[in-house]
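For reference, the structure is listed below as structure tokens.
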Amino acid sequence: MKNKVFIATSIDGYIADKEGGIDWLDTIPEINTIDSGYHAFMNDIDALVMGRKTFETVVGFDIDWPYQKPVFVVSTSIKEIPAEIKSKVQLVKGTLNQVLEQIHAKGYQNLYIDGGGLIQSFLREDLIDEMIITVIPILLGEGSPLFGKLPDTLQFKCVATKHFLNAIVQNHYIRKRPK
């Protein structure tokens, strides 16, 4: 069982700008023409666990639902999933451990954790096993940070670094757990 993150940040660690926008991810549009490891990552996970804001952002895109894997949305404020994606998305509530128990009971073990607030919550509970962080060469100055306060230091080991298009750096980290 693993909880994994695959996300892009600005150089200064933001995943969205001050208006919550992610248009800045397209500052190097060629990134969409290369294999940055996303498909291999998706092949290695069983389901996505998504925060409310990320879910609302994805639903707001003018595209068909982009995920083939089951999606679990952690939210206390969303009351109902839109009818057209109800067969692909489920709401889950409770503590993170309760949420994980519900998802694991359905047979999903390797999870993609997506959404800044949700990632921060998982990190506060020391529930992230791997992170692949792609750094886009832009400074946003403010916005939604990937990381927040933690009750304890968490050590990770960088197991791979990739460089794309002479502009983008991607680091793959694995949690170093105390023995």
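The values are calculated or read from the model by the stated rules, or taken from the named source; none is laboratory data. Remember, it's a predicted structure, so these values are computed and weren't measured experimentally. Neighbour counts are summed over all protein chains in view; Cβ atoms, including those assigned to glycine, are modelled from backbone coordinates with ideal geometry. Accessible surface is based on the protein model in full, side chains and every heavy atom, while ligands, DNA and RNA are left aside. Shrake-Rupley method; radii C 1.70, N 1.55, O 1.52, S 1.80 Å.
Conditions tested, residue by residue: (1) in contact with a Lys or Arg (Cβ under 7 Å, 6 or more places away or on another chain); (2) open to solvent by 50 Å² or more (accessible area, probe 1.4 Å).
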{"position": "THR76", "(1), (2)": "yes, yes"}
{"position": "LEU100", "(1), (2)": "no, no"}
{"position": "GLU125", "(1), (2)": "no, yes"}
{"position": "TYR173", "(1), (2)": "yes, yes"}
**OP:** Among what's in the range 8-63 and is at pLDDT 95 or above and β-branched (Val, Ile, Thr), pick the residue that is nearest to the chain's Cα centre (by Cα).
**Re:** VAL49
**OP:** Residues being in a loop (DSSP other than H, G, I, E, B) and open to solvent by 60 Å² or more (accessible area, probe 1.4 Å): count how many of those fall in the range 1-33.
**Re:** 4
**OP:** Kindly provide the set of residues from the range 64-96 that are charged (D, E, K, R) and either modelled with pLDDT of 95 or more or in contact with a Pro (Cβ under 8 Å, 6 or more places away or on another chain) (or both), ordered by number.
**Re:** LYS69, LYS88
Subject >> Some residue of the range 45-57 being in a loop (DSSP other than H, G, I, E, B), in contact (Cβ under 8 Å) with a residue 40 or more places away in the chain, among the β-branched types (Val, Ile, Thr) and surrounded by 14 or more Cβ atoms within 10 Å (Cβ to Cβ) >> reply: yes
Original post:
Could we say that LEU150 is open to solvent by less than 30 Å² (accessible area, probe 1.4 Å) and closer than 25 Å to SER75 by Cα here?
Top reply: no
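Results for (1) in contact with a strand residue (DSSP E or B) (Cβ under 7 Å, 6 or more places away or on another chain); (2) touching a residue at least 24 places away in the same chain (Cβ under 8 Å); (3) under 20 Å from SER10 (Cα atoms), shown as yes or no for each residue.
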residue: ILE81; (1), (2), (3): yes, no, no
residue: GLY94; (1), (2), (3): no, no, no
residue: GLN109; (1), (2), (3): no, yes, no
residue: ILE119; (1), (2), (3): yes, yes, yes
residue: ASP129; (1), (2), (3): yes, yes, no
residue: ILE138; (1), (2), (3): yes, yes, yes
residue: ASP152; (1), (2), (3): no, yes, no
residue: LYS162; (1), (2), (3): yes, yes, yes
residue: TYR173; (1), (2), (3): yes, yes, yes
